[in-house]
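Accompanying notes for the structure given below.
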Amino acid sequence: MSKLKPPHMIRQLMVKGCMGEFASGTSAFNPDESVALVRYFARLAAESSPEANDQLVEIYRTIGDASMARHKPPQKIACSKGYGSCCHQQVSVNAVEVFYIARRLRRTKAVADHMARIATKLASGHGDSGKLIDPANPCAFLVEGVCSVHVDRPFACRAMVSLDLSACLRRFENGTGLIPYPVANEPIKQWLNVSLWTAMRVNGFPPHTYELTAAIDAVLRDPSIEHDWYAGDDRMAAAIDDRVPDHFPPSDALRAMARI
């Protein structure tokens, strides 16, 4: 791991989560926490090393998990092992998570199996159909109804949870109805992503978001892509997810607040 230890406020965020207030999908975050997060992410990203990359991802996810736990709804989360209807859609992921997941996969005995499933998925030609959930578009990491990378799944997947299993099944089977989600999860995800992308922008790194399967495939086949990405050469460009803008507007304000 990187030798850059988290400052006190970051350690507090990792344990207690953010102090935001949420109502009807709106959010209000503590500006001191936001500034501390951008500064720390920027310092880690500036190291441009695999160790710092993975430390950034683990802290990003830990803060996200703690924040969602702090602001969890009174209803019980309906998700459980074996219910993978939500794992049938296009997943957007940032570059640092791509590198982290690919590195973790390369360390497993099942890496060849993962690569074979990814190749099958890409060859199928099933892309973004515009549907929230598309039965014809299963995730390459979904094996017999179970996420084969559950521990290392992207934060986008961690934040997408349901409060009603029957609503998930209706959406999966006939594409109708709304799925109730914890109201805090989306603003927490956006807060973390804006903070991360601001830190990346400060360091001059490519600002893009990528489609999970194609990006992981590229990095598994050529690990040097990570080094080149940090050097400013984005060789994952073919996997860029055009649905997500390169910069969220608040990033400039956060950059100014953090004075970086």
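Values in this text are rule-based calculations from the coordinates and carry no lab data. Computed from a prediction, not measured in an experiment: that's the story for all the values here. Every residue, glycine as well, gets a Cβ built from its backbone with ideal geometry; the counts of neighbours run over all protein chains shown.
Some notes on this structure:
- For the range 132-198: rounded, prolate or oblate by the Cα gyration tensor [a/c cutoff 1.5]: oblate
- Extension gain for L122-S224 works out to 34.6 nm (0.36 nm per residue, less the C-alpha to C-alpha distance).
- The charge dipole of the chain, taken about its Cα centre with unit charges on the Cβ of Lys, Arg, Asp and Glu (plus for the first two, minus for the last two), comes to roughly 760 debye.
- Column: log10 I(q)/I(0), Debye, Cα scatterers of the chain, q = 0.10, 0.11, 0.14, 0.15 Å⁻¹: -0.50, -0.61, -1.02, -1.17
- Hydrodynamic estimate: the Kirkwood radius of the range 1-120 over Cα pairs, inserted into Stokes-Einstein at 4 °C and 1.567 mPa s, corresponds to D of 77 µm²/s.
- Gyration tensor verdict on the range 103-235 (Cα atoms; rounded if a/c is under 1.5, prolate if a/b is larger than b/c, oblate otherwise): oblate
- Taking the helices alone, the chain has a mean residue ellipticity at 222 nm of -15500 deg cm²/dmol, built from -39,500 (n - 2.57) per DSSP H run of at least 4 residues and averaged over all its residues.
- Amide proton proximity set for T209, modelled H, under 5 Å, gap of 5+: D241
- Modelled spin labels at A156 and R104, positioned 7 Å past Cα toward Cβ, are 1.6 nm from each other.
- Length available on full extension from R170 to S49: 0.36 nm per residue minus the Cα-Cα distance, which gives 39.1 nm.
- Peptides ranked, highest mean first, by Cβ atoms within 10 Å: ranges 181-188, 150-157: 181-188, 150-157
- Burial ranking of peptide ranges 212-221, 26-35 (average Cβ count within 10 Å, highest at the top): 212-221, 26-35
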